[in-house]
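Written below as structure tokens is the structure these notes are about.
The values are calculated or read from the model by the stated rules, or taken from the named source; none is laboratory data. None of these values were measured; they are calculated from a predicted model. Here the Cβ positions follow ideal geometry from the backbone for every residue, glycine too, while neighbour counts run over all protein chains shown. To get the accessible areas, we keep the full protein, side chains included, count just its heavy atoms, and leave off ligands, DNA and RNA. Shrake-Rupley method; radii C 1.70, N 1.55, O 1.52, S 1.80 Å.
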Amino acid sequence: MCGIAGRINLSNKPVFKDDIQRMLDMIKHRGPDDEGTFIENNIGLGHVRLSILDLSYAGHQPMFSQDKNIVVVFNGEIYNYLEIKKELQKYYSFKTKTDTEVIIAAYVKWGEDCLQHFNGDWAFVLYDIKNHKVFGARDRYGIKPFYYRIKDNSFFFASEVKSLVTEDNKENYRIIFDYLVYNRTDHTTETFFNGINKLEHGSKFTIYNGKISFSKWYELKDQIIPNNLSLQENTLKFNEIFKDSIALRLRSDVPIGVCLSGGLDSSAIVSYLMKNFNKKDINTFSAIYKGYNSVDESRFIDIFTPELLNMHYTKPTAETFFSDYLHFMKAQAEPVASVGPYAQYKVMELAKNHVKVTLDGQGADELLAGYEYFFGVFFKELLLKLNIIKLLKENYYYIKNHRSNTAFKYLLFYIIPVRYKNQLGKKISGNLSHVFFNEFNNISNIGSDLYNPRTLNESLYQHFESKLEHLLKWEDHNAMYFSIESRVPFLDHRLVEFLLGISSNQIINSGTTKYLLRESTKNVLPERIRTRSDKKGFSTPSDYWFRDKKFQEIIYDLLNSYEFNSRGIFDIRKCKSTYENHLSGKQNNSKEIWKWINLETWFRNYID
């Protein structure tokens, strides 16, 4: 895991080392172990290294091919590099033990089709010196970030957006609107900065003769094949792929740990490590909140204490968040939708003292309907198929397991027309100014793209394509801020393509989500975790924190500030009323309050 940055002038204008060094300095936390640059005429490539494989100087980047015709800067991991290396040894004489050199050899052998051979997560840029061609690509699901900016007839790129920020930054109100109304970021190629974009996941680009071309090299929908296997057959297949995915992601020359939330997904990783890889000495890292039962996962995490030898805990509080929130925002560089990722930030801060690599359960919720609102889509599917008996049965089990009828409310949301969903957004975001909402409501396509599926599988695919990436970005930025590489075993492409093809009845069944995962982990996961029906993940008691006197002062200063009032985004009177209701305990408005703080701080740091 590393950081990359560069500049390619589309004319013959030369690039200077200082141009690259300035960008690298902004992301040095991603690679504190080494750094390097390559400059040739109008091409400049830079790299900061976090040493994970082959810790010697042989892993230095930019890395060259044997004949010096290919040079590459690479962020990420190719987990099956040993298998590819074995296949290519008859064509290429390897000099290092790195996966970076495998990328070079694969490109020499297969050209741009090398991407199809990789199992991993990556963003890289490769310069074919002999043919004067630049080639870059990003992994299938956007696990590793890649930002770019085209300005002054130059193509700038970097692992983090902060390397591309300039003094003339402009805000992107379309993204701000989706963030405030729908809690969505990173669902398009646009960022909060107008003019700075992301390379779409599963995409590649080439620069040749001053021309840039972008294209998709991977389409998830083309890889999903409907699966008609029995539940028993699919549990066997799941276990086979999942165990191999974990095995590949254990390849490292430095210590590895696990981010353990106490939920089903991260607990599955820990349990497989213990029972299939005999890794009882693995380090685990958890956030706990004693006294806040609504978010505390201690009772589930502690189930592992008799067997695990190296469990570590962080205890985020209102005081730590008050001290950290500006650093947390700096780590992300763009607004995040809730305070939840702060818990992960603290977990990574804890982990940095013990490991350089972590495994995490990210992606399982999108693959196996981990969010409660997926029940609404599932019920809609049953309704459209006129499977009323099954619908009533599932609703009964849902009420029994969750002691609420929330799923039926989600069903109503999914069956109402899109135009009413958009109006519902207005009601949800009542703190926005009327003018701002009306200006951007008709531009946003979130309501039609994400909230109007006909089946559960369609909804999962939509979420995977347009919702997952912001979670991956937050994880990457949290981890790399503390010079840690995060790996996500659930996002092995073989597992993704398999799980998105199984029937909805193996995803939700008897009022529970992640049904196949639960069935696959019998006799592996502790039963109290395997059968739990609630979901918390890395949550925080932010509703209490924003009633703290220190935050009251910050929030009131913000609401009364000239800057906040003059932006025209919020209805200040309604915001003040919202905060008063929060302070009184009548409502929990912490998500809205956080957005005020986060967005305004972002404006002041990057735009004003």
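Overview of values
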{"item": "Counted residues, the range 559-584 - those being closer than 25 Å to Pro341 by Cα and either open to solvent by 50 Å² or more (accessible area, probe 1.4 Å) or aliphatic (A, V, I, L, M) (or both)", "result": "3"}
{"item": "Per-region count, the range 178-201, residues assigned to a strand (DSSP E or B) and open to solvent by less than 40 Å² (accessible area, probe 1.4 Å)", "result": "4"}
{"item": "From Gly76, Gly31, residue being at pLDDT 95 or above, at positive phi and crowded, with 22+ Cβ neighbours inside 10 Å", "result": "Gly76"}
{"item": "Qualifying positions in the range 580-608 - in a helix (DSSP H, G or I) and among the small types (Gly, Ala, Ser)", "result": "Ser584, Ser590"}
{"item": "Any hit, the range 504-523, residues being over 30 Å from Leu231 (Cα atoms) and open to solvent by 50 Å² or more (accessible area, probe 1.4 Å)", "result": "no"}
{"item": "Qualifying residues in the range 585-608 (those that are of a type outside the set (D, E, K, R) and either under 13 Å from Asp543 (Cα atoms) or free of Cβ contacts under 8 Å to residues at least 24 places away in the same chain (or both)) - the one surrounded by the most Cβ atoms within 10 Å (Cβ to Cβ)", "result": "Ile593"}
{"item": "Pair list, Cβ < 7 Å and 6+ apart or interchain, from the range 375-403 residues that are of a type in the set (A, V, I, L, M, F, W, C) to residues that are open to solvent by 60 Å² or more (accessible area, probe 1.4 Å)", "result": "Phe375/Tyr410; Leu384/Arg454; Leu391/Leu383; Ile399/Asn405"}
{"item": "Helices (runs of 4 or more DSSP H) completely within the range 340-410 that count 3 or more residues being of a type in the set (A, V, I, L, M) and open to solvent by 20 Å² or more (accessible area, probe 1.4 Å)", "result": "388-402"}
{"item": "Neighbours by Cβ (under 8 Å, 6+ apart or cross-chain): first from the range 71-90, in a helix (DSSP H, G or I) and among the charged types (D, E, K, R); second crowded, with 21+ Cβ neighbours inside 10 Å and modelled with pLDDT of 95 or more", "result": "Lys85/Val102; Lys85/Ala105"}
{"item": "Complete set of residues in the range 34-68 that are open to solvent by 30 Å² or more (accessible area, probe 1.4 Å), assigned to a loop (DSSP other than H, G, I, E, B) and out of contact with any Pro (no Cβ under 7 Å at 6 or more places or on another chain)", "result": "Leu55, Ser56, His60, Gln66, Asp67, Lys68"}
{"item": "Residue check for Lys204: open to solvent by 60 Å² or more (accessible area, probe 1.4 Å) and either among the hydrophobic types (A, V, I, L, M, F, W, C) or in contact with a helix residue (DSSP H, G or I) (Cβ under 7 Å, 6 or more places away or on another chain) (or both)", "result": "no"}
{"item": "Which numbered condition Tyr451 fails, given (1) modelled with pLDDT of 90 or more; (2) open to solvent by less than 50 Å² (accessible area, probe 1.4 Å); (3) under 18 Å from Phe378 (Cα atoms)", "result": "(1)"}
{"item": "Residue list for the range 288-321, filter: open to solvent by 70 Å² or more (accessible area, probe 1.4 Å) and of a type in the set (A, V, I, L, M, F, W, C)", "result": "Leu309"}
{"item": "Tally, over the range 141-177, of residues that are open to solvent by 10 Å² or more (accessible area, probe 1.4 Å), assigned to a helix (DSSP H, G or I) and under 26 Å from Glu219 (Cα atoms)", "result": "1"}
{"item": "Residues satisfying the stated conditions in the range 207-243, i.e. assigned to a helix (DSSP H, G or I) and open to solvent by less than 60 Å² (accessible area, probe 1.4 Å)", "result": "Leu220, Leu231, Asn234, Thr235, Phe238, Asn239, Ile241, Phe242"}
{"item": "The range 100-118, residues that are more than 20 Å from Ile129 (Cβ to Cβ) and open to solvent by 10 Å² or more (accessible area, probe 1.4 Å)", "result": "Asp113, Gln116, His117"}
